[in-house]
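Notes for the one structure printed next.
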Amino acid sequence: MKKTLQNMNVTNKTVIVRVDYNVPIENGKILDDNKILETLETIEYLMAENCKIILLSHLGKVKTEADKMKYTLEPVAKRLKEILNSEVYFTKDILSPDLKKRVAELNPKEILMLENTRFADVPNRLESTCDAQLSLFWSSLADVFVNDAFGTAHRAHASNYGIAKYIPSCIGFLMQKELFSLNKLVKNPEHPFVVVMGGAKIDDKIELMENLIKKCDYLLCAGGIANTCLKALDFGIGQSIASMDFRIINKLQKMMLENKEKFVLPLDAIVGSTYDESYVKYKRIDAIDDNDLILDVGVKTLEKYQKVLSSAKTIFLNGTLGMYENPKFANGTKEFFKMLTNTNAIVVVGGGDSASAVKNLGYQNKFTYISSGGGATLDYLGKENLIALDVIKEEEEIETLDL
């Protein structure tokens, strides 16, 4: 395990914390503040240690000056102030000598949140390319760096990898829980181990599939991933979402050939149409027409998946079984989540769309662990490391964490 916050001397020090406050905001209102709540243990620990606290986070993708109007962190600072019932200052300044003065004026236990780190990407992508000068400047603001942003730890940015190169660094409590949980529940799972891969895209998940197919007993596929598998087997999928990359398709063909007993694919589907928004029809998977869109799994598929889940000891879920956001195509995902709650297995949800679906459908307290990361979770399980943590030193002993 990397150097942990509880084993780092932070008392009376100025500490810069990288958090992941990439929360959904609409008309200035935060729609889901769970990512903020998940960082409270680290923040409150630092306040108890009499620290001056600087918070860094990104929000959205900032590619133009116009994007800065949409992706300001000011509403997040206000929400954090409400939650803590304590002063949280906000500054739009992320790179000027005046910022150093502002940090120096902080009193112990006070918090200063800087504006969106990705504002530094316009116009020269200083954050995303881990610019050395930006990294040095941010590191000069504090004595210690705490990385508690698991969701961005698969990226080497100035605000995580860059800062950690120049000042004493450790990981926060959220990061610890993520690594501990994924190590225990997925990297060394109790068998039978079932992996469920859904969602729209397969291209960015193929490496993870190659890694997990070696460890799992069954790989249940749905969504665009299942569509690509079916396409690779020469099934017609109409106009359904699937990879167009022949390299991906060839990899899948080889993977399925070598692991026939592990791949579990849909038998039927609920389809829509490219030419009629009101069109909803049940079809066998071998009867998909040219204009059909596979948008959910059918009852035979659910029965097939149920048999696999019934004997599972560990289940890793990444993605959904269909377009659950549309009530007409939500049944498969809903029924599948219900099946998961009726197993005796450890169930780990792999962040991103799957975590959102679990929360939106009311299952957030039903499973063993829900990761806060999307791409970071996949990277960690696929590559078994996170680049932003590479520059943080290891420690010999860690405290046991309870799930």
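Could you give P(r) for the stretch 46-110, binned at 10 Å from zero, as whole percent values over all Cα-Cα pairs? All Cα pairs, binned at 10 Å, distribute as 18, 45, 31, 6 percent. With a Förster radius of 45 Å applied to the C-beta separation of PHE235 and LYS393, the computed FRET efficiency comes to 0.35. A 1.4 Å probe, protein heavy atoms only, puts the accessible area of MET244 near 150 Å². Within a straight-line Cα-Cα reach of under 19 Å, LYS78 can be paired with the following aspartates and glutamates, leaving aside sequence neighbours fewer than 8 residues apart in one chain: ASP20, GLU26, ASP32, ASP33, GLU38, GLU41, GLU44, GLU87, ASP93, GLU110, GLU115. Rolling a 1.4 Å probe across the protein heavy atoms gives the stretch 265-403 an accessible surface of 49 Å² per residue. From its DSSP helices (H runs of at least four residues, each -39,500 (n - 2.57)), the chain gives a residue-normalised ellipticity at 222 nm of -8500 deg cm²/dmol. Put simply, when 64-70, 93-99, 160-166 are sorted by average Cβ atoms within 10 angstrom per residue, most first, you get 160-166, 93-99, 64-70. Relative to its residue count, the stretch 1-136 spans a Cα convex hull of 122 Å³ per residue. A convex hull fitted to the Cα coordinates of the stretch 211-332 yields 107 cubic angstrom per residue. Taking the Cα centre of the chain as origin and assigning +1 to Lys and Arg Cβ atoms and -1 to Asp and Glu Cβ atoms, the resulting dipole is close to 260 debye.
Subtracting the Cα-Cα distance of THR368 and ASP32 from their residue separation scaled by 0.36 nm leaves 118.9 nm. Its alpha carbons give the stretch 16-59 an Rg and a Dmax of 11.8, 36 Å. Taken about its Cα centre, the stretch 1-111 carries a charge dipole of about 380 debye when Lys and Arg each add +1 at the Cβ and Asp and Glu each add -1 at the Cβ. Fully extending the segment from GLN306 to ASN259, taken as 0.36 nm per residue of separation minus the present Cα-Cα distance, adds 14.9 nm. Listed by chain and number, the lysines whose alpha-carbon sits under 26 Å from that of LYS281, ignoring those within fewer than 8 places in the same chain, are LYS201, LYS231, LYS300, LYS304, LYS307, LYS328, LYS334, LYS338. Here the peptides 136-148, 210-222 are ranked by packing, the mean other Cβ count within 10 Å, and the order with the highest first is 136-148, 210-222. For the peptides 102-110, 286-294, the ranking by packing is 286-294, 102-110, with the highest mean count of neighbouring Cβ atoms within 10 Å listed first. Centre-to-centre, using Cα atoms only, the stretch 80-113 and the stretch 30-48 are separated by 16 Å.
Comparing Cα centroids, the stretch 219-282 and the stretch 121-195 end up 34 angstrom apart. Of the solvent-accessible surface of the stretch 132-175, computed with a 1.4 Å probe over protein heavy atoms with every protein chain present, carbon and sulfur atoms account for 48 percent. The convex hull built on the alpha-carbon positions of the stretch 165-235 has an orientation-averaged projected area of 6.9 nm².
Taking the empirical scaling 2.2 N^0.38 Å for compact globular proteins as reference, the stretch 96-136 has a Cα radius of gyration ratio of 1.37.
For the stretch 269-276, backbone phi angles converted through the Karplus equation (6.51, -1.76, 1.60; θ = phi - 60°) give residue-by-residue couplings of 8, 9, 10, x, 9, 6, 10, 8 Hz, Gly and Pro being listed as x. Note that the stretch 51-97 presents 53 Å² accessible area per residue, ligands and nucleic acids not counted, probe 1.4 Å. Computed about the Cα centre, the dipole magnitude for the stretch 320-392 is approximately 360 debye when only Lys and Arg (+1) and Asp and Glu (-1) carry charge, each at its Cβ. Taken over the Cα atoms of the chain, the convex hull encloses 149 Å³ per residue. Which whole-number percent of Cα pairs in the stretch 255-403 have a distance greater than 28 Å? Summing the P(r) of the stretch 255-403 above 28 Å gives 32 percent of all pairs.
The values are calculated or read from the model by the stated rules, or taken from the named source; none is laboratory data. Remember, it's a predicted structure, so these values are computed and weren't measured experimentally. Cβ atoms come from the backbone with ideal geometry, glycine included; neighbour counts cover every protein chain shown. In case anyone asks, the SASA skips ligands and DNA or RNA and just uses the protein heavy atoms, side chains included. Shrake-Rupley method; radii C 1.70, N 1.55, O 1.52, S 1.80 Å.
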